[in-house]
Amino acid sequence: MTASSISSTTSKQGASLSGKPQCYHCGDPCKTDTIKIEEKFFCCEGCQLVFEIINSNGLCDYYAYQRHPGLGKIKAIRKEKYAYLDEPKVAELLYSFTDGDLCIVKLYIPGVHCSSCMWLLEHLRQLREGIVESRLNFGTKEVTIHFSSSKISIRQLVELLCSIGYEPQITLNQTEEKTRKKPRGLRVYRLGVAAFCFSFIMMMSFPEYFGGFGLSEKDAQIFRSLNLLLGIPVFFFSAGEFFSTAWKGLKTKTLNIDAPIALAVTITFVRSVYEILSGTGGGYLDSMSGIVFFMLIGRILQERTYHSLSFHRDYKSYFPIAVTVQTSEGWMPRSLQELKANDLVQLHNEEIIPADGILEAGNAQIDYSFVTGESAPVLRNCGDKIFAGGRQIGEKILVRLTQPVSGSYLSSLWNHQSFSKNKSKDREYKNSVQIMSRYFTAILFILVACVAIYWWMVHPANILPAATAMLIVACPCALLLAATFTNSNLIRLFSNAGLYLKDATVIEALAKTNSIVFDKTGTLTQGTEVTSYTGEALSKREAQSIHSLVAPSHHPYSRALVTYTKQATPIPIKYWQEYPGEGVRAMIDDQLVKVGNARFVGVPESSANLYAQLGEKTWSFTVTPRFRPGLKQLVDSLRHRFELTLLSGDTATQEAELRQIFGTDSQLNFGQQPIDKLQFIEKLQQSKRKVVMIGDGLNDAGALQQSDVGITLAEDINNFSPACDAILDARNFHKLPQLLQLAKASKWIIGFSFFISILYNIIGLSIAAAAAMNPMIAAILMPASTLTIVLLSTGLSSVYAWKLRLTKMN
């Protein structure tokens, strides 16, 4: 298929608001109209190259699924960036399977965003010989590729993905994830067996309910025997997890909520077996299978996990799997596990420092924002110490390691005792439902003992029927169902509102919150803005020149200056060039125009952090993080119900503005190291505070783990975020007050549902204690109570979420 032949499958190429043509590949405005193929314009040679690759391989249907499906200007990849993948030891770390030739690799592609991406990534075999098959999981943004290593190496495969604009993110954590055990989905099979058996047992129990339907005793016994056969897999397989959990609790001298459930199921099964084999009745196998069925449904709904999200990430999800090290054979790639003290490591622009070391060569501008929270890059000279986790911006540097990866400051933070805690298990043990179930069980046993004593004095033959019927009817299933169905519906409502919870125990922890701690950079702020500048007032032409120069750059400071000069219309520029970590320059109207740091522009440093020069004129701009829209209203709605604190690794440059937002009652702490944040959370908890920590980076990881609930704010929920209990979509940050209100409402919703379940239990216990319980009554009472609880819990939580404007009522 030629370039001209695809016009019928794509819409006409548009123009940007400035009148410039849009890039046919990515849709960005084109700086020039000289990069084109026939009538198709491109913003850069990278996009043109991607189009040529796709077009020459007959894959131009890629442009038919979505207009301008590319992700913006294609970044040039350093030639040796992926040379470490040529090392067999390193490559093997990424393989999910290999037989020596056929290899399977799973790669995370952050750039996946539409159906065109899926179509192209699933047709990779047409781009290069040796690729056998490729399949994309759109939810997790992971592509699984089968390829022949004798025809294409993994390095060539990765470079092919980069060349078409889908650079994979390869991190140290990927080499360990494949060894972790995956859930086997056994509970789903147990539910399936319980559902099948429950439906048939109910159907074959109708003669028992209505007096036999004229069946002979022999035929009735056949139906009972069939029910018993169906009840056996429910008891031994479907109910198995209740027995195992109850036994684990008993071994640790803990009476968990599964213990009375296991007891009720056992008594129901044993009594049913006795009645059926002795010919004295039909038993209660319908009630037993119903209990197991509804309990499993509740647990599956409550414990839904978002498989595309990860709540357990650490620094390994941020680090590369290998770096370039000087050896006796020259510069060679080496995996991070092999690094040791005194190794000389070579790092290029935007590469991560893998371990603590000393700068030996080059000008280092280290972005520590993901480690310390400080948003401004730090300048370091030869001989200065630099720390793991920083990202080099600019030219190549050489670093002499003083520690292996495991001995770095960042690794030591992860070895803190807070990371060894299992918060989910701790919360589960202290869960109010677990506590209530213990009292419920104790009261039930006391009532059963009293009824047994009564019938022992009045009519001993009724002791066993009455006592077992009470244990069958009054197990704490209704209480547990109230909690599980309320929590499962709340998890759904939270996710619809952009808050994704690790598990149901987080809901009650959120409900108990009385203190909220915020990080600043990336949490309360979003992007940057120009807050002041010095120099002559910009003329219209000068504003156009500066705007046109910085528009193609993706640096945060450039984007701030683009916004600041947004009224200016772009003008033609020549010889545009960007110097990473330094600035940008170009010729405009035969004059050299530069924007960047003081050294790049050639002016003395001042309190500003961005400088511009056009001919003889210079300007100094102060660029600061921009607060999220509606932050003041959000804080105002929280400050009267919660104790608010700010912990920032940044400097106090915006303290005055933040004080106006938070008021005088809140603590504002700046220059906080990760360990400082963690220790501050510990002190709050020692003063009996229930703390929610909201952050976004590695520097917040310790505090997120130490807090009662750690919430990560994410611009893209599938991208990197540190270990946490919940992930909040940044677009829904303004909903935080309503989300916390909904969590607090869960307590009274569960309490009210529990009250209704108690009423049903009183009715059932009264009938059972009188030795008047029969399969018909049990078959009506137990489903009725279950349906009432389910409808109440889901209905009340949905109505309250609608009242808080978190959802729309259908």
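The values are calculated or read from the model by the stated rules, or taken from the named source; none is laboratory data. Quick caveat, the model's predicted, so the values are computed rather than measured. Cβ sites come from the backbone with ideal geometry, for glycine too, and all protein chains shown count toward neighbours. SASA here: full protein model, heavy atoms, side chains in, ligands and nucleic acids out. Shrake-Rupley method; radii C 1.70, N 1.55, O 1.52, S 1.80 Å.
Hey, rough spin-label estimate for R731 and A449, points 7 angstrom out along Cα→Cβ, what's it come to in nanometres?
Here the modelled spin labels are 5.9 nm apart.
Which length gain, in nm to one decimal place, applies between V273 and K747 when the Cα-Cα distance is subtracted from 0.36 nm times their residue separation? Don't jump to the answer; show the numbers that get you there.
Details: separation 474, 0.36 × 474 = 170.64 nm, distance 3.95 nm.
Roughly 166.7 nm would be gained on extension.
Roughly how much of W576 is accessible, in Å² to the nearest 10, using a 1.4 Å probe?
50 Å²
Please work out the average accessible area per residue across the stretch 118-165, using the 1.4 Å probe convention, and give it in Å². List each step's numbers first, then the result.
Working: 1900 Å² over 48 residues.
Here the per-residue accessible area is 40 Å².
Which FRET efficiency value, to the nearest 0.05, is calculated for E129 and Q673 with the Förster distance at 60 angstrom and r the Cβ-Cβ distance? Show your work: numbers first, answer last.
Numbers: r = 52 Å, r/R0 = 0.87.
Calculated value: 0.70.
Provide the per residue accessible area, probe 1.4 Å, for the stretch 446-541, rounded to a whole number of square angstrom.
Working: 3450 Å² over 96 residues.
Averaged over the residues of the stretch 446-541, the accessible area is 36 Å².
For K251 and Q591 in one chain, what is 0.36 nm times their gap in residues minus the Cα-Cα distance, to one decimal in nm?
On the way: separation 340, 0.36 × 340 = 122.40 nm, distance 8.11 nm.
So the chain would gain 114.3 nm between K251 and Q591.
Rounded to the nearest 10 Å², what accessible area does E217 show when all protein chains are kept and the probe is 1.4 Å?
110 Å²
Show L499, L226, L250 ordered by accessible area, largest first, where the area counts protein heavy atoms only and the probe is 1.4 Å. It would help to have the intermediate numbers written out before the result.
On the way: L499 5, L226 75, L250 95 Å².
So the residues, ranked largest to smallest area, are L250, L226, L499.
Go through D519, D696, D665, D86 and list them by solvent-accessible area, largest first, probe radius 1.4 Å. Before the final figure, lay out each step's value.
On the way: D519 0, D696 35, D665 140, D86 80 Å².
The ordering from most to least exposed comes out as D665, D86, D696, D519.
Apply the Karplus parameterisation 6.51 cos²θ - 1.76 cosθ + 1.60, with θ equal to phi minus 60°, to every residue of the stretch 226-241 and state each ³J(HN,Hα) to the nearest whole Hz, in sequence, with x for glycine and proline.
5, 4, 5, 4, 6, x, 4, x, 5, 5, 8, 10, 5, 8, x, 5
Could you check the spin-label model distance between Q326 and Q686? Points 7 Å from the Cα along Cα→Cβ, value in nm.
Going by the 7 Å Cα→Cβ label model, 4.7 nm.
Tell me, what is the per residue accessible area of the stretch 599-641 in Å², probe radius 1.4 Å?
Working: 2250 Å² over 43 residues.
In whole numbers, the stretch 599-641 has 52 Å² accessible per residue.
Distance check, please: which entries in K251/K747; K81/K502; K540/K574; K520/K683 exceed 24 angstrom between their Cα atoms? Mind showing how you got there, number by number?
Details: K251/K747 30 Å; K81/K502 36 Å; K540/K574 19 Å; K520/K683 20 Å.
Table pairs above 24 Å Cα-Cα are K251/K747; K81/K502.
Carbon and sulfur together cover what percent of the accessible area of the stretch 102-156 at a 1.4 Å probe radius? If you can, show how the numbers build up before the last one.
Working: 1050 of 2160 Å².
Of the solvent-accessible surface of the stretch 102-156, carbon and sulfur hold 48 percent.
Using a 7 Å offset from Cα along Cα-Cβ at T651, what residues in the stretch 508-529 end up with backbone N under 11 Å from the label point?
Residues passing the 11 Å test: none.
Calculate what fraction, in whole %, of the accessible area of the stretch 490-560 sits on carbon and sulfur atoms when a 1.4 Å probe is rolled over the protein chains. Write down the numbers at each step before the final one.
Numbers: 1200 of 2320 Å².
Answer for the stretch 490-560: carbon and sulfur cover 52 percent of the accessible area.
If you take the beta carbon distance between I232 and F138 as r and set R0 to 56 Å, what does 1/(1 + (r/R0)^6) give as a FRET efficiency, to the nearest 0.05?
Working: r = 42 Å, r/R0 = 0.75.
Using R0 = 56 Å, I get an efficiency of 0.85.
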